[in-house]
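Asker: A single structure is presented below for examination.
The values are calculated or read from the model by the stated rules, or taken from the named source; none is laboratory data. All figures in this text were calculated on a predicted structure; none of them were measured in a lab. Cβ sites come from the backbone with ideal geometry, for glycine too, and all protein chains shown count toward neighbours. Surface accessibility is based on the protein's heavy atoms, side chains included, excluding ligands, DNA and RNA. Shrake-Rupley method; radii C 1.70, N 1.55, O 1.52, S 1.80 Å.
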Amino acid sequence: MIEIKKLCKSYGDKLVLNNLSITIEDGKIFGLVGINGAGKSTLLRLISGIYKADCGDILVDGENVYENENKKKDIFFLPDEPYYGINTTPLNLVDLYLEFYDFNKADYLNYLETFKLPLNKKMHTFSKGMKRQVFVSLALAIKPKYLFLDEAFDGLDPLARLTFKRAIIDLVEEKQTTIIISSHSLRELEDICDCYGLIDKMEIASSGDISESIDKTHKYQVAFNEVPTKDMFNEFNILAYEQESRIVRIVVNDDLETFKEKINKYNPLIIDEIPINFEELFIIEVENRGYLKWKTYLNIT
């Protein structure tokens, strides 16, 4: 289990994380989300023991990770741009990591074969997607207790993404691995993550079960005979609202029956519930916190 309590981190005079707290249970796939610069990569490096926190606690299985070599053997962190030398090939890369992790080299080679990667070609000539596939193969072969992935799907083609997602799920089922994934591809996170945490204003602004969050949020399209006013929706807890003449598109927490009971007094012509996904929830959340424009992401045309 990962326990983070009142974590703070700064770079010089710039405070990046402040009073951040979250608990991540064993065997979970946790999606770490936030706008660019929110501190996602910094948090992953702190949990991995690469950076030292300025204040607060990071406990992995009850132990501090920083300068804890034994605990770091349980952790594999794949950054957005992992390091490799000018002469590194997929074949000799594994020899380096065998110095730090006890794992089956044959498993690594099998993953490389699955991704159809050349073993002896220098990696600096690879595309970004190919480099990512090499390190993904390494992470999957190591089968760590804790796997932290920064921009996990960046550069991967659709087939490679599908292969990776299936392997991640298998890893959790086989080893009860706890996985934290930072990604801008929220639709990918929705496919495989159990829970999420949103970093905003240097702390975890919201978190929870992804399915539960989606299930309790509803988007409706309502048409009226005459042009409505927004005041008609005052009794709703409005998460997002858009109006085009006599048509209103609204996101609220009320289920369909409750919504109908409240709105029927205004004699709507049509009430349609529209599916909502994790990406839309994220956009609504950050827009309500002062970022972006949610309507671009709600298929409003």
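Asker: What does the net charge come to around residue 159 if you take all other residues with beta carbon closer than 14 Å to its beta carbon, with K and R at +1 and D and E at -1?
Answerer: Values: positive: 116, 132, 161, 165, 166; negative: 157, 188.
The answer is +3.
Asker: Ordered by packing density, taken as the mean number of other Cβ atoms within 10 Å over each peptide's residues, highest first, how do 48-61, 181-194, 259-272 rank?
Answerer: 181-194, 48-61, 259-272
Asker: Another question, if that's okay. Given a 1.4 Å probe, how much area per residue of the chain is accessible, in Å²? Write down the numbers at each step before the final one.
Answerer: Numbers: 15050 Å² over 301 residues.
Dividing the accessible area of the chain by its residue count gives 50 Å².
Asker: Which entries of 71/216; 116/145; 28/52; 9/143; 6/262; 9/73 show an alpha-carbon separation above 31 angstrom in the structure shown?
Answerer: On the way: 71/216 38 Å; 116/145 27 Å; 28/52 25 Å; 9/143 29 Å; 6/262 42 Å; 9/73 24 Å.
From 71/216; 116/145; 28/52; 9/143; 6/262; 9/73, over 31 Å: 71/216; 6/262.
Asker: For residue 242 and residue 258, calculate 0.36 nm times their separation in residues minus their Cα-Cα distance, and state this gained length in nm to one decimal. Numbers along the way, then the final one.
Answerer: On the way: separation 16, 0.36 × 16 = 5.76 nm, distance 2.01 nm.
Going from the current span to full extension adds 3.8 nm.
Asker: Here's something else I'd like to know. Report the GluC sites (Glu not before Pro) located in the stretch 1-94 that are in a DSSP loop and have at most 15 other Cβ atoms inside 10 Å of their Cβ, or state none.
Answerer: Working: sites: 3, 25, 63, 67, 69; in loops: 25, 67.
Qualifying residues, ordered by number: 25, 67.
Asker: Also: Carbon-plus-sulfur fraction of the accessible area of the chain, 1.4 Å probe, in percent? Don't jump to the answer; show the numbers that get you there.
Answerer: Numbers: 6870 of 15050 Å².
Percent of accessible area from carbon and sulfur atoms in the chain: 46.
Asker: For the stretch 59-103, which chymotrypsin sites (Phe, Trp or Tyr not before Pro) are in a loop by DSSP, counting at most 10 other Cβ atoms within 10 Å? Kindly include the intermediate steps, with their values, before the conclusion.
Answerer: Values: sites: 66, 76, 77, 83, 84, 97, 100, 101, 103; in loops: 66, 83, 84, 100, 101, 103.
For chymotrypsin sites (Phe, Trp or Tyr not before Pro) across the stretch 59-103 that sit outside H, G, I, E and B with at most 10 neighbouring Cβ atoms in 10 Å, the list reads 83.
Asker: Now for a separate question. Which entry in (i) 62, 52, 32; (ii) 51, 42, 39; (iii) 71, 44, 35 is this structure's computed Cα extents along the principal axes in Å?
Answerer: The value matching this structure is (iii).
Asker: Sort by residue number and name the cysteines in the chain that have no neighbouring cysteine Cβ under 4.7 Å.
Answerer: 193, 195, each lacking another Cys Cβ under 4.7 Å.
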